[in-house]
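Engineer: Before I ask anything, let me first share the structure, which is written out below as structure tokens.
The values are calculated or read from the model by the stated rules, or taken from the named source; none is laboratory data. Predicted, not measured: the structure shown is a model, and the values here were computed from it. Here Cβ is always computed from backbone atoms with ideal geometry, including for glycine, and neighbour counts include all displayed protein chains.
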Amino acid sequence: MGVRNRVAIITGSASGMGRDTAFMLAKNGAKVVINDIAEEKIDQTVKEMRDKGYDAIGVVADISNKAAVESMVSQTIEAFGSIDILVNNAGMERAGSLRKLSEQDWDITVNICLKGPFLCSQAVHGHMVEQKRGRIINIASRAWLGGPGQAPYSSAKGGVVSLTRTIALELGKFGITSNCIAPGLIATPLWDGLPEKTKSYLSAKQPGGSIGEGDDIANTILYLADDETSYVTGQVLYVCGGRSLFSA
Ligand SMILES: NC(=O)c1ccc[n+]([C@@H]2O[C@H](COP(=O)([O-])OP(=O)(O)OC[C@H]3O[C@@H](n4cnc5c(N)ncnc54)[C@H](O)[C@@H]3O)[C@@H](O)[C@H]2O)c1
């Protein structure tokens, strides 16, 4: 029951909701892998976790690079002996109108937000199949429904929803669930970096008027990662304060 002694890789977990998720899973007894491209932030996060007595290692890896992902998985097995939970969280956004976006904007967004989760899922699935148990949790976005100025990001996140459903269908018979969280506005460094004008426009559309915290996502991930949540798979769970009830 729960996630005690389960091994979790959380991509992009040196910041934002990934970091909050790592602390949430570790607080509940999981052994965690802090992955990111930001080495200093990884070291700081691992140090804070170990200071609290949590079992954590850090792995620098760009999730859009197959060799780096495979190395991260090997390092996890070497350190902890298994992989039970994969949280595909790392992401970024290049926004702009269809007219202004460049080919590079498209490539980098799709490579990190969609190819990354594919590569990580592919790299862990053999271990999960072997042990007949696993949880793959993908972080999409409410923006997968479509958002003006968000062509690459919305398209990549829509792909994450399809990937989630496909993995659920392919791997269900091995005791592996695959679910997707579609966050709305969450107060993280990614959100902080948006222009004030964009932030006030988006905040005004929140049904409850407020934006969410990293722990709103971390708690939902804890639920989906639980050994007991075996009959929930292939789903998109909106954690957005009701924002998904409206169109873009
Ligand atoms: N904050 C929001 O309002 C919001 C809303 C919807 C969805 N999301 C999604 O939630 C996830 C986490 O976002 P956040 O708000 O916590 O952002 P964040 O910027 O705080 O954290 C993202 C982390 O991912 C890391 N990262 C980026 N590229 C990487 C790569 N190639 N390999 C490994 N790590 C990489 C970054 O270094 C960073 O530490 C993302 O997938 C994002 O698209 C965020």
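Engineer: Out of (1) under 20 Å from Asn89 (Cα atoms); (2) touching a Leu at 6+ places or on another chain (Cβ under 8 Å), the odd one out for Gln235 is which?
Structural biologist: (2)
Engineer: Mind listing whichever residues of segment 78-92 are among the aliphatic types (A, V, I, L, M) and buried (at least 20 other Cβ atoms within 10 Å of the Cβ)?
Structural biologist: Ile83, Ile85, Leu86, Val87, Ala90
Engineer: If I ask for residues that are charged (D, E, K, R) and within 30 Å of Val7 (Cβ to Cβ), which ones from segment 190-241 would you list?
Structural biologist: Passing the criteria: Glu213, Asp215, Asp216, Asp226, Asp227, Glu228.
Engineer: Consider Met24 carefully, then state whether it is modelled with pLDDT of 95 or more and under 14 Å from Ala218 (Cβ atoms).
Structural biologist: yes
Engineer: Same structure, new question: Regarding segment 163-185, can at least one residue be identified that is exposed (fewer than 15 other Cβ atoms within 10 Å of the Cβ), within 15 Å of the ligand (Cβ to nearest atom) and either part of a helix (DSSP H, G or I) or without any contact (Cβ under 8 Å) to a residue 60 or more places away in the chain (or both)?
Structural biologist: No, the conditions are met nowhere in segment 163-185.
Engineer: To continue, here is another question. Answer yes or no as to whether Thr229 is touching a strand residue (DSSP E or B) at 6+ places or on another chain (Cβ under 6 Å), assigned to a loop (DSSP other than H, G, I, E, B) and more than 13 Å from the ligand (Cβ to nearest atom).
Structural biologist: The answer is no for Thr229.
Engineer: Return the total of residues in segment 131-151 being hydrophobic (A, V, I, L, M, F, W, C), surrounded by 22 or more Cβ atoms within 10 Å (Cβ to Cβ) and either more than 12 Å from the ligand (Cβ to nearest atom) or part of a loop (DSSP other than H, G, I, E, B) (or both).
Structural biologist: Of the residues in that region, 2 qualify.
Engineer: Continuing with this model, one more query. If Ser154 passes every condition in (1) surrounded by fewer than 22 Cβ atoms within 10 Å (Cβ to Cβ); (2) within 15 Å of the ligand (Cβ to nearest atom); (3) over 14 Å from the mean Cα position of the chain (by Cα) but one, which one does it miss?
Structural biologist: Every condition holds for Ser154 apart from (1).
Engineer: Okay, next question. Check whether at least one residue in segment 203-218 is within 15 Å of the ligand (Cβ to nearest atom), aliphatic (A, V, I, L, M) and under 16 Å from Leu86 (Cα atoms), and report yes or no.
Structural biologist: The answer is yes, given that some residue of segment 203-218 is within 15 Å of the ligand (Cβ to nearest atom), aliphatic (A, V, I, L, M) and under 16 Å from Leu86 (Cα atoms).
Engineer: Oh, and also: Output the residue which, of all residues in segment 202-226 that are of a type in the set (A, V, I, L, M) and part of a helix (DSSP H, G or I), is surrounded by the most Cβ atoms within 10 Å (Cβ to Cβ).
Structural biologist: Ile221
Engineer: May I ask you to verify whether Ile211 is within 13 Å of the chain's Cα centre (by Cα) and more than 14 Å from Ala143 (Cα to Cα)?
Structural biologist: No: the conditions fail for Ile211.
Engineer: Mind checking which residues of segment 93-105 are surrounded by fewer than 16 Cβ atoms within 10 Å (Cβ to Cβ) and at negative phi?
Structural biologist: Passing the criteria: Ser97, Leu98, Arg99, Lys100, Ser102, Glu103, Gln104.
Engineer: Further question: Would you say Arg99 is out of contact with any Lys or Arg (no Cβ under 8 Å at 6 or more places or on another chain) and without any contact (Cβ under 8 Å) to a residue 12 or more places away in the chain?
Structural biologist: Considered against the rule, which asks whether it is out of contact with any Lys or Arg (no Cβ under 8 Å at 6 or more places or on another chain) and without any contact (Cβ under 8 Å) to a residue 12 or more places away in the chain, Arg99 comes out as yes.
Engineer: Yes or no: Gly116 more than 10 Å from the ligand (Cβ to nearest atom), touching a strand residue (DSSP E or B) at 6+ places or on another chain (Cβ under 9 Å) and not aliphatic (A, V, I, L, M)?
Structural biologist: So Gly116 fails the test.
Engineer: Also, I was wondering about something else. Looking only at segment 184-204, which residues are closer than 15 Å to Ala143 by Cβ, at pLDDT 90 or above and among the aliphatic types (A, V, I, L, M)?
Structural biologist: Within segment 184-204, Leu185, Ile186 qualify.
Engineer: Within segment 187-197, is there a residue that is in a helix (DSSP H, G or I), touching an Asp or Glu at 6+ places or on another chain (Cβ under 6 Å), more than 9 Å from the ligand (Cβ to nearest atom) and not small (Gly, Ala, Ser)?
Structural biologist: No, there is no match, as no residue in segment 187-197 is in a helix (DSSP H, G or I), touching an Asp or Glu at 6+ places or on another chain (Cβ under 6 Å), more than 9 Å from the ligand (Cβ to nearest atom) and not small (Gly, Ala, Ser).
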